[in-house]
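Colleague: This is the structure, below, for whatever I ask next.
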Amino acid sequence: MVKVYGFESCPYCDKAKRYLKSKGIEYEVHDVELNPEDAEACEKLTGDTAVPVITLDDKNYVLGFDKAKIDALLGI
């Protein structure tokens, strides 16, 4: 399952979610502002607090909204 770490008012998080939706990719939203466990998991994954973070396997990820990198991560 694809996970998107971000927060509600983040414009790049919104772009990432809309992009995934446009590609027919299902994803889980993990809000780092509302859920401390999600914030901790995101920072552990990336070593950073920046969002959005998109991951498929909780190991490889894309930080920020970069269509080419998202496509490569997801194999689309």
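The values are calculated or read from the model by the stated rules, or taken from the named source; none is laboratory data. This one's a predicted model, so the numbers in the text were calculated from it and none came from an experiment. Quick reminder, even Gly has a Cβ in these numbers, built from the backbone with ideal geometry, and neighbours come from all protein chains shown. Note: areas computed on protein heavy atoms with side chains; ligands, DNA, RNA excluded. Shrake-Rupley method; radii C 1.70, N 1.55, O 1.52, S 1.80 Å.
Colleague: Select from A68, T55, C42 the residue farthest towards the positive end of the dipole of the chain; place +1 on Cβ of Lys and Arg, -1 on Cβ of Asp and Glu, and compute about the Cα centre.
Modeller: Looking along the dipole axis, the top candidate is A68.
Colleague: If you don't mind, another one. Taking every Cα atom in the range 13-68, find the radius of gyration and the maximum pairwise distance Dmax, and write them in Å.
Modeller: In Å, with Rg to one decimal and Dmax whole: 11.0, 30.
Colleague: Check which residues have an amide H placed less than 5 Å from Y61's amide H, if you skip close sequence neighbours.
Modeller: For Y61, no residues qualify.
Colleague: When all protein chains stay in place, what accessible area (Å², nearest 10, 1.4 Å probe) is found for Y27?
Modeller: Answer for Y27: close to 60 Å² accessible.
Colleague: Taking DSSP loops as anything outside H, G, I, E and B, show the longest stretch in the chain free of GluC sites (Glu not before Pro) there with at most 16 other beta carbons within 10 Å.
Modeller: So the longest stretch without any such site is 34-76.
Colleague: Show the residues, 5+ positions off or on another chain, whose built amide H is closer than 5 Å to the amide H of H30.
Modeller: V4, Y5, G6
Colleague: So in the chain, which Cys have no other cysteine's beta-carbon sitting under 4.7 angstrom from theirs?
Modeller: C42
Colleague: Shifting gears a bit: Of all DSSP beta bridges in the chain, what percent run antiparallel (nearest 5)?
Modeller: That works out to approximately 55 percent antiparallel.
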